[in-house]
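The values are calculated or read from the model by the stated rules, or taken from the named source; none is laboratory data. What you see is a predicted model, and the numbers here were worked out from it, not measured in a lab. Every residue, glycine as well, gets a Cβ built from its backbone with ideal geometry; the counts of neighbours run over all protein chains shown.
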2 protein chains.
Amino acid sequence: MNDATSLLHADVERALNGLTDKKIDHVFFVACGGSLSVMYPGKFLLDSYSRKLASDCLNADEFVQRDPVILGSTSLVILCSMTGTTKETLRAAQHAKAKGAVTVGLSVDTLSPLAQEVDFPIGFEAPYTTGVPIDARDSNYARLYQLVMGLVKAHDGIDKLAPLVASLNNLQPAIDRAHATFEPLFTQYAGQLHGESVIYTLASGASYGAAYSFSICVLMEMLWINSQAVHAGEFFHGPFEVLDRDRAFVLLMGLDRTRPQQERAKVFLERFGSPEKIMVLDAAKLDLDGIDDEFKGNLVPLIFFDTLWKFAYKMANLRNHVMLEGRRYMKKISY
Amino acid sequence: MNDATSLLHADVERALNGLTDKKIDHVFFVACGGSLSVMYPGKFLLDSYSRKLASDCLNADEFVQRDPVILGSTSLVILCSMTGTTKETLRAAQHAKAKGAVTVGLSVDTLSPLAQEVDFPIGFEAPYTTGVPIDARDSNYARLYQLVMGLVKAHDGIDKLAPLVASLNNLQPAIDRAHATFEPLFTQYAGQLHGESVIYTLASGASYGAAYSFSICVLMEMLWINSQAVHAGEFFHGPFEVLDRDRAFVLLMGLDRTRPQQERAKVFLERFGSPEKIMVLDAAKLDLDGIDDEFKGNLVPLIFFDTLWKFAYKMANLRNHVMLEGRRYMKKISY
């Protein structure tokens, strides 16, 4: 799908080309639920490189109703909805356009309502709900990262597209290896945690979105297990008091600059929790061959996101709960 | 404490005066736990009025380790720690200064380590942990709101200080009336919810911070009840699947522009939950005499924050749990 002159996906390239004559100083990352979870590492990446572009991550209805007055003709609003039909996200696209902002919309179908609503649609592929294997280079994360680093190149003059794209191209094999690495851990902890009524996730920095999506879209939505994605820094300012020998946690230890917060949480969890209730996914144990050191911290959350599905299916089997069919409300009733 | 020429608290006035000759284009709201929860409505207020100032809310360790490259000499970093001794917040102040940013620090003691670290210390009063009655006009919320609207006046030319300060001066009587209004509700629901192992809070917009602090600092930290502050818009994208007739929720319905999200959540909660498990605090039922219509949405979260303590004490009594002494780790061990 790449044209001959660009490293980037054609849709991303088209969006970036369309932005070259516009003055942009603020990026809004806007979506709902699982799609919003992807925006957090997108903002983390932008925060890491851009001195020119401020940004916000907002739920789509919050974005519309909050209606930040800074939103205007120098804003870029990046939206994402897997199906491109999420009504809150469509309203957000309309709101952004009414305010004069430029809009980019990611969805799997480039003829989706979202794609038709925005200035620049970007397609991606989603394996998680169809079961069809795709390459992670075609995921929403990968497209968003290309877009963000394209903005950084245009606005900050920092060109890291070659190592980013090379890293994304080498991501799927790293994910496949990670599945093998984490398999024994997932089997062990699915056995130990499947009966829990509450499981917290813990992360920070680039990995916080992966913890958030696992908490709200998998544990709560699909397995009906109570949860919260606790920020690893915030853990020490209230949430840690629920920790005892019986409490279950899944800690994501990534490789970005915020890892010290996760390491601090690990020490505390091991001191006051039980090893059989604390599952630690440590990216330092993964073979990340082919991923540039500079982007390991940014790409590890995709590995967490992808591999944790296997853990979820193991948990579902042991709970006699049919994943995706185990919903009471979503896509079953109107609300 | 006000000087003769200003509506504003002297510390806030001093900070604003000290900023007049500096170019500021980005505000970082930085704190931990309960103090971070106050920053969310601060950002909501800034988002509502400023076209000039972008902003971020970050946990203090996340701020230091993420180290957004946009942080620099045109940044204002607003920090808050009740005691002024929170080590993560002190590190954040040092980090901000090292990057050339201007720093403002809120703490109850204007000789605290935080106060001494920052360029502009601002004192406030905190009743919640000492039990000494104060006036809400002297709270961290009130000082922060004065500071934010002072920045809006300086940067956007919008002067709303008179109605803001008048509203803050009339807030304590409104809180006192709200205690009476909510008293029967709190007595009823403490009886119905004190045995719960999981209680979710739900809010959006200006009220999200109050839900967050109640969830992590009261339910989790002080009552050891599992919780998550679910964003009312995000509720429909995963979290709502944990709702059934047995699940407990506390819904905060404020008066800011995001109330439609809370109304939507209320309809859903009432449709699939049990009335005896769903406590709704509706600010529309309060007597807010003396609070300007324009700021009702911003001041209601202080009423939620303050009154919910009474609910927490009722819950603690019924759980035979001694509030504040009911901590296992915080201020008892080093970590």
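Annotations
- Hits in region B:200-227 (condition: assigned to a helix (DSSP H, G or I) and small (Gly, Ala, Ser)): B:Gly205, B:Ala206, B:Ser207, B:Gly209, B:Ala210, B:Ala211, B:Ser213, B:Ser215
- When B:Asp11 is tested against the conditions (1) in a loop (DSSP other than H, G, I, E, B); (2) surrounded by fewer than 24 Cβ atoms within 10 Å (Cβ to Cβ), the lone failure is (1).
- Listing of strands (runs of 3 or more DSSP E) fully contained in region B:15-82 that carry 3 or more residues being within 10 Å of chain A (Cβ to nearest Cβ) and either surrounded by fewer than 20 Cβ atoms within 10 Å (Cβ to Cβ) or not β-branched (Val, Ile, Thr) (or both): B:54-59
- Selection status of A:Phe240, at the interface with chain B (Cβ under 8 Å from one of its Cβ atoms) and of a type in the set (Phe, Trp, Tyr): yes
- Cross-chain or 6+ apart pairs with Cβ under 6 Å, region B:230-248 first and closer than 12 Å to B:Phe268 by Cβ, then among the β-branched types (Val, Ile, Thr): B:Pro239/A:Ile216; B:Pro239/B:Val230
- Residues that are β-branched (Val, Ile, Thr) and within 17 Å of the chain's Cα centre (by Cα), drawn from region A:299-335: A:Val300, A:Ile303, A:Thr307
- Residue in region B:265-277 that is farther than 30 Å from A:Tyr335 by Cα and either aliphatic (A, V, I, L, M) or not assigned by TED's automatic domain parsing to the domain that holds B:Lys160 (or both) present: no
- Set side by side, the residues B:Val230, B:Val280, B:Val322 differ, and just one is more than 9 Å from chain A (Cβ to nearest Cβ) and assigned to a strand (DSSP E or B), which is B:Val280.
- Restricting region A:232-257 to residues that are of a type in the set (Asp, Glu) and under 16 Å from B:Ile225 (Cβ atoms), the residue that is surrounded by the fewest Cβ atoms within 10 Å (Cβ to Cβ): A:Asp246
- Residue ID - farthest from B:His231 (Cα to Cα), chosen from residues in region A:3-51 that are modelled with pLDDT under 95 and of a type in the set (Asp, Glu): A:Asp3
- Residue list for region A:15-57, filter: over 20 Å from the mean Cα position of the chain (by Cα) and free of Cβ contacts under 8 Å to residues at least 12 places away in the same chain: A:Asn17, A:Asp21
- Residue selected from region A:284-299 under the condition in contact (Cβ under 8 Å) with a residue 40 or more places away in the chain and part of a helix (DSSP H, G or I), by the criterion nearest to the other protein chains (Cβ to nearest Cβ): A:Gly297
- Residue in region A:204-222 that is free of Cβ contacts under 8 Å to residues at least 60 places away in the same chain, at the interface with chain B (Cβ under 7 Å from one of its Cβ atoms) and under 20 Å from B:Glu196 (Cβ atoms) present: yes
- Scanning region B:146-171 for residues that are within 24 Å of B:Asp135 (Cα to Cα) and of a type in the set (Lys, Arg) yields a total of 1.
- Single match in A:Thr307, A:Thr258 (criterion: facing chain B (nearest Cβ under 8 Å) and out of contact with any Leu (no Cβ under 7 Å at 6 or more places or on another chain)): A:Thr258
- Matching option when the condition is in contact with a Leu (Cβ under 8 Å, 6 or more places away or on another chain), aliphatic (A, V, I, L, M) and either over 30 Å from B:Pro68 (Cα atoms) or crowded, with 24+ Cβ neighbours inside 10 Å (or both), among A:Ile175, A:Ile225, A:Ile134, A:Ile216: A:Ile225
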